[in-house]
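K.L.:
The structure follows.
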Amino acid sequence: MKLVGFVLLALFVHGPLSPILPTAFEATLLYYARLYPAWVLALLGTAGASIAEGINYRLIDWAAELPKLASVRSGRVVRWSVAAFLRAPFWTTAFVIFSPIPDSAVRILAPLGHYPLPQFLAAVAVGRFPRLLIIAGVGVLVRPPTWCLVSGTLAIAALVLGRPRLDTAAAWLRQGCRALHGASRAAFRL
């Protein structure tokens, strides 16, 4: 029953909410590595994540056809990005999924470039399985405390969710510094 929850979590975390929960699955994988062999977790995690990526592909493909997004799709930067992605789509996808680079770019470029879904999912699996196997293997060796995994995941999620507020606060500070700097320049000139 716990493995079913693990697969459902893989589906949820790698789905459309993945930008909000960037490290939630890795923390869960480190926890589950105490209970199950690393290869089982990597296999099930890859299957769940691949299903979620298939759903993401279909959602992005659907959204890209909306009239309001047609102008974005035909933009110069998007066309250049799609063309660059299509030079080596399989290995680009596999590399990005394997690496710590955020995978949102390949998740968007594959449907925009009409890269076939089965090949995209194969590339996702080729990149995801070794990544999950390595993370689960580290979880077997290191065994981080549960409180550390939970607090780290919550801290990163709070940082991602609070980023617009941080950007607003930073802009407010910059504006205040400019006002202060401008006032000090005026005082210096006197």
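K.L.:
Is it true that some residue in region 40-63 is in a loop (DSSP other than H, G, I, E, B), of a type in the set (G, A, S) and under 16 Å from P111 (Cβ atoms)?
P.N.:
no
K.L.:
Scan region 84-106 and give yes if some residue there is part of a loop (DSSP other than H, G, I, E, B), modelled with pLDDT of 90 or more and surrounded by 12 or more Cβ atoms within 10 Å (Cβ to Cβ), otherwise no. Write out each step before concluding.
P.N.:
Of the residues in region 84-106, the ones part of a loop (DSSP other than H, G, I, E, B) are 86-88, 99-103.
Adding the requirement that they be modelled with pLDDT of 90 or more leaves 86-88, 99.
Filter once more, so that each one left must be surrounded by 12 or more Cβ atoms within 10 Å (Cβ to Cβ): 86.
Yes - at least one qualifying residue is present in region 84-106.
Here is a yes/no grid of residues against (1) among the aromatic types (F, W, Y); (2) free of Cβ contacts under 8 Å to residues at least 12 places away in the same chain; (3) under 17 Å from R128 (Cβ atoms):
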site: N56; (1), (2), (3): no, no, yes
site: D61; (1), (2), (3): no, no, no
site: G75; (1), (2), (3): no, yes, no
site: V78; (1), (2), (3): no, no, no
site: S81; (1), (2), (3): no, no, no
site: A84; (1), (2), (3): no, yes, no
site: F90; (1), (2), (3): yes, no, yes
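K.L.:
Can you name every residue in region 116-126 that is in contact with a Ser or Thr (Cβ under 7 Å, 6 or more places away or on another chain) and in contact (Cβ under 8 Å) with a residue 40 or more places away in the chain?
P.N.:
Those that are in contact with a Ser or Thr (Cβ under 7 Å, 6 or more places away or on another chain) and in contact (Cβ under 8 Å) with a residue 40 or more places away in the chain: F120, L121, V124, A125.
K.L.:
Output the qualifying pairs, or none if there are none: Cβ atoms under 7 angstrom, residues six or more apart or on different chains, first residue in region 127-148 and farther than 12 Å from Y31 by Cα, second residue aromatic (F, W, Y) and in a helix (DSSP H, G or I).
P.N.:
Cβ pairs passing all conditions: G127/F95; G127/F98; P130/F98; R131/F98; L133/W39.
K.L.:
Is there a residue being of a type in the set (D, E, K, R), surrounded by fewer than 16 Cβ atoms within 10 Å (Cβ to Cβ) and either under 23 Å from L117 (Cβ atoms) or in contact (Cβ under 8 Å) with a residue 40 or more places away in the chain (or both) anywhere in region 41-54?
P.N.:
No, that holds for no residue.
The values are calculated or read from the model by the stated rules, or taken from the named source; none is laboratory data. Computed from a predicted model, the values in this text were never measured in an experiment. Positions of Cβ are backbone-derived with ideal geometry, glycine not excepted, and every protein chain shown enters the neighbour counts.
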